[in-house]
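Okay, so here's the structure we're looking at.
The values are calculated or read from the model by the stated rules, or taken from the named source; none is laboratory data. What you are looking at is a predicted structure, and each value in this text was computed from that prediction instead of being measured. Cβ placement follows ideal geometry from the backbone for every residue including glycine, while neighbour counts extend to all protein chains displayed.
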Amino acid sequence: MTDPDPAQQPAFNPVQDLRDIESLDIVTALLEVVCETAGVGFAAIARVTETTWTAMAVRDAISFGLKPGEQLDIHSTLCKEVRQSRQVIVIDQASLDPVYANHHTPRLFGIESYISVPIVLSDGMYFGNLCALDRRPARMSEARIVNMFSLFARLIALQLENHRRAKEDAAVLGVERANSALREQFIAIMGHDLRNPLAGMQAGVTVLQRVPNDPDIVGRIANRMAGSVRRMSLLVDDVVDFARGRLGGGFGLDLRWEEGLDEALDHVVAELRSIYPDRRVEARIRIDQAVRCDKSRVEQLVSNLLANALFHGDATSPVELNADVDGDLLRIAVTNQGEAIDPAFLPRMFEAYSQGRMSGSRNGLGLGLFICAQVARGHGGTIAVSSSVADGTRFVAALPLAGPA
């Protein structure tokens with residue numbers, strides 16, 4: 001596959017391309033997520049033409065020595081091969097790989113693990129590559145890793161095109177605002193949803209430092225930390241799905257008949273208790289049958305509701321979680337005591353970026369509840385809120401046991 005007629009393409013301008021990539025607010029967070037999820041120390045967005053390879057954005061934790069704007073000999077890279085084939089190249093361990101063990105690129109740069117995914121614009125123009133590498137082996141060929149890179153490459157292409165269209169017609173303010181909102185949502189979801197499992201892991205590390213020689217405690221904490229790592233990985237997929245949904249692909253769900261959903265929600269509760277050790281969470285979870293749902297998103301919904309209640313509720317009163325089967329519905333309710341929500345604000349509770357009850361607060365109310373609403377609707381269910389001084393603030397999600405129709 002070749003690029004469109006070169007005469008119809010804009011001239012290669014590395015300075016302008018670099019400025020365009022730098023203007024995309026998602027880039028820094030995206031490269032960080034790429035490295036953390038894939039377990040590698042170097043990631044980059046490169047502008048690749050037939051004759052040049054130029055770094056546009058770089059995250060380098062292994063002293064690879066490449067900075068934005070710097071170039072490599074195109075013939076020394078694997079990106080040239082990716083450009084020609086427009087196929088992903090993935091290497092878990094170059095020294096043992098039957099294809100790349102004797103290839104000049106891994107030997108030249110001293111790398112073991114590698115992935116390079118093409119970034120192609122909607123008109124077919126080849127912009128470059130999203131790539132990552134490390135001097136150690138890594139499981140780059142796992143489906144979740146390859147899918148994440150592919151979706152992020154598409155997101156970069158879409159963001160780049162939106163940015164360029166906005167520059168070409170600054171008078172079209174609606175496009176500019178929509179593009180900016182998407183970038184903000186992408187970054188905000190990363191910060192919001194990854195915060196809970198990260199905080200849970202930090203709490204686990206603190207406990208392990210205090211009791212390093214107690215096998216029972218170490219085992220329990222290690223299991224919780226492993227669960228938090230799993231949730232972080234799944235949340236990265238959620239972020240990508242959300243961004244794709246905002247670009248027209250829909251809010252994706254992986255619906256399956258799930259047994260043991262109560263155990264999954266118990267883990268979420270344990271995670272929040274470790275984050276808020278001075279708060280009480282009273283959980284009554286009674287789910288004695290299979291539920292057709294996306295388990296990770298139901299966990300996400302419960303985590304967000306509990307985090308919201310713990311952040312905004314009265315610190316001297318418990319937060320209550322009730323999850324049970326009610327007829328043909330899975331009903332999840334989270335209640336906290338404290339200041340009542342202004343009735344005028346209730347209709348906007350599930351809008352993205354809605355301001356919270358507390359002046360100047362941007363935590364808990366807004367993005368987290370917006371995601372909860374998307375999860376509930378995606379399952380064919382509903383979510384509602386009521387609030388009063390006497391009864392507290394109560395969020396209730398009702399999801400069909402059989403999933404969406």
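Key figures
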quantity: Exclusive hit being more than 18 Å from F350 (Cβ to Cβ) and among the hydrophobic types (A, V, I, L, M, F, W, C), set V298, V302, V325; calculated: V325
quantity: Total residues in region 292-331, condition out of contact with any His (no Cβ under 7 Å at 6 or more places or on another chain) and assigned to a strand (DSSP E or B); calculated: 12
quantity: Single residue of region 375-384 satisfying the filter (of a type outside the set (G, A, S) and surrounded by 18 or more Cβ atoms within 10 Å (Cβ to Cβ)) that is farthest from the chain's Cα centre (by Cα); calculated: I383
quantity: Answer from S274, S303, S296 - the residue that is crowded, with 23+ Cβ neighbours inside 10 Å, modelled with pLDDT under 95 and of a type in the set (S, T, N, Q); calculated: S303
quantity: Selected residue (criterion: surrounded by the fewest Cβ atoms within 10 Å (Cβ to Cβ)) from residues of region 57-114 that are among the small types (G, A, S) and in a helix (DSSP H, G or I); calculated: S85
quantity: Subset tally (residues that are surrounded by 16 or more Cβ atoms within 10 Å (Cβ to Cβ) and either under 30 Å from the mean Cα position of the chain (by Cα) or in a loop (DSSP other than H, G, I, E, B) (or both)) for region 386-401; calculated: 9
quantity: Answer from V240, V218, V236 - the residue that is assigned to a helix (DSSP H, G or I), surrounded by 15 or more Cβ atoms within 10 Å (Cβ to Cβ), modelled with pLDDT of 70 or more and not charged (D, E, K, R); calculated: V218
quantity: Meets criteria (at pLDDT below 95, surrounded by 18 or more Cβ atoms within 10 Å (Cβ to Cβ), within 21 Å of E161 (Cα to Cα) and touching a helix residue (DSSP H, G or I) at 6+ places or on another chain (Cβ under 9 Å)) for V117; calculated: no
quantity: Per-region count, region 307-329, residues aliphatic (A, V, I, L, M) and either under 19 Å from L255 (Cα atoms) or modelled with pLDDT of 95 or more (or both); calculated: 5
quantity: Any hit, region 92-108, residues being touching a residue at least 24 places away in the same chain (Cβ under 8 Å) and at positive phi; calculated: no
quantity: Where G128 falls short, out of the listed (1) over 17 Å from D73 (Cα atoms); (2) buried (at least 20 other Cβ atoms within 10 Å of the Cβ); calculated: (1)
